[in-house]
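A short write-up of the structure that comes next.
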Amino acid sequence: MAMTKMQYLLSKLAEECSELAQIALKAQQFGMDEFYAKMVPKIDNKGRMKKEFNDVMATINQINKELDMNFLMPENDLIYSKIKKIDKYLSYSQLCGQTEKDLAND
């Protein structure tokens with residue numbers, strides 16, 4: 001049985017999020033300025049992450065349109081709430097000794 005358009009879009013969203021996760025892990029391991037030697041054109045990990053951000057956002061845009069969700073990007077109150085949560089758990093990670101306290105140079 002063939003997929004519906006929505007099933008296809010959801011699989012694309014999962015695929016794009018996986019690609020973003022992969023490059024985030026590469027950047028963590030090798031640094032933001034590292035280049036993958038075989039990639040043409042040469043793009044550093046920061047540039048690759050930017051590309052993947054846009055790919056995820058494009059897919060979200062398609063799903064938003066398909067479902068008529070009226071999702072406006074960004075939704076600042078939800079983003080602010082998530083930032084607070086990230087900061088909370090960063091502080092806890094620092095307290096546990098798993099994350100450096102000064103992350104300004106990362």
So is Asp77 among the acidic types (Asp, Glu), in a helix (DSSP H, G or I) and loosely packed, with under 13 Cβ neighbours inside 10 Å or not? yes
Report every pair of residues separated by at least 6 positions or lying on different chains whose Cβ atoms are under 6 Å apart, first residue within the range 62-79 and without any contact (Cβ under 8 Å) to a residue 24 or more places away in the chain, second part of a loop (DSSP other than H, G, I, E, B). Asn64/Phe71
From Lys46, Lys85, grab the single residue that is modelled with pLDDT of 95 or more, under 17 Å from the mean Cα position of the chain (by Cα) and loosely packed, with under 11 Cβ neighbours inside 10 Å. Lys85
Checklist (1) over 25 Å from Lys5 (Cβ atoms); (2) hydrophobic (A, V, I, L, M, F, W, C); (3) surrounded by 14 or more Cβ atoms within 10 Å (Cβ to Cβ) applied to Ile63, failing item: (1)
I want to confirm something. Restricting to the range 1-42 and keeping residues that are surrounded by 12 or more Cβ atoms within 10 Å (Cβ to Cβ) and touching a strand residue (DSSP E or B) at 6+ places or on another chain (Cβ under 7 Å), which single residue is nearest to Ala58 (Cα to Cα)? Met32
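The values are calculated or read from the model by the stated rules, or taken from the named source; none is laboratory data. What you see is a predicted model; the values in this text were computed from it and never measured. Quick reminder, even Gly has a Cβ in these numbers, built from the backbone with ideal geometry, and neighbours come from all protein chains shown.
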